[in-house]
Amino acid sequence: GGPAPAGGLHLGSPERSVTSVRFDPGGLLLAAGTSSGHVALYDVRSSRPVCLKDHKYGLPVHSIKFHQGKCVSADAKIIKIWDHAGAVDASGEPPTFASIQPPADVNGLCAFPDSGLLFAPLEAERLGAYFIPALGPAPKWCHFVDSLTEEMEAAPAAAVYDDYKF
């Protein structure tokens, strides 16, 4: 015989179809991106989602990665990096760690292992490259990025009202 069907996942709405899936490295969590712009996170031992992340654009989620202890998901307009460890904010969603809104539509997502470096193929001439130091160090082949971020941290930024007289 062929493969046995697994239990169905409850996405909470008949309008939501699954557009992407990804297992976490431990194999117990499954993230399912939907056509309505949500990512449902499941413990594989249950058919009900542990949490639901809304991308807020209503566009299909086409890419999901588990990277550096976070879930990274993308639709055509935004890349969301979020905590999937179980905590939820006031709206009942897992908290957003960072959001990236590229200047052009996002076609995919690639995370460089053990680093804070993300790449996104865009509907543009250039590849989107994003470094988030809080996610991890720069890869050895682009160590200069770490020094740039250290210089930015060391340089005092002028506040909007520094020279303003009240």
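Every number in this text was worked out from the coordinates using simple rules, so none of it is lab data. Every value quoted in this text rests on a predicted model; they were computed, and no experiment measured them. As a convention, Cβ positions derive from the backbone with ideal geometry for all residues, glycine included, and neighbour counts pool all protein chains shown.
Please tell me the relative contact order of segment 24-114 in percent, rounded to the nearest whole number, where contacts are Cα pairs under 8 Å and at least six residues apart.
Numbers: 195 pairs, mean separation 19.7, N = 91.
Rounded, it is 22 percent for segment 24-114.
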Q.
As I understand it, the dipole of segment 20-133 uses +1 on the Cβ of Lys and Arg and -1 on the Cβ of Asp and Glu, about the Cα centre. Which of Ser36, Ser99, Ala76 lies farthest toward its positive end?
A. Ser36
Q: Among the lysines, select those whose C-alpha is under 21 Å from the C-alpha of Lys80, and discard any that sit fewer than 8 residues away in the same chain.
A: Lys53, Lys56, Lys65, Lys70
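Quote the convex hull volume per residue of segment 91-145, based on C-alpha atoms, as a whole number of Å³.
Working: hull volume 5.9 nm³, N = 55.
Roughly 108 Å³ of hull volume per residue.
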(Q) Output wanted: per-residue J couplings in Hz (rounded whole) for segment 59-74, from phi through Karplus 6.51 cos²θ - 1.76 cosθ + 1.60, θ = phi - 60°, x for Gly and Pro. (A) 9, x, 7, 9, 9, 9, 9, 9, 9, 6, x, 10, 9, 10, 10, 9
Q | Rounded to the nearest 20 debye, dipole of segment 20-112 from Cβ charges on Lys, Arg, Asp, Glu | A | 120
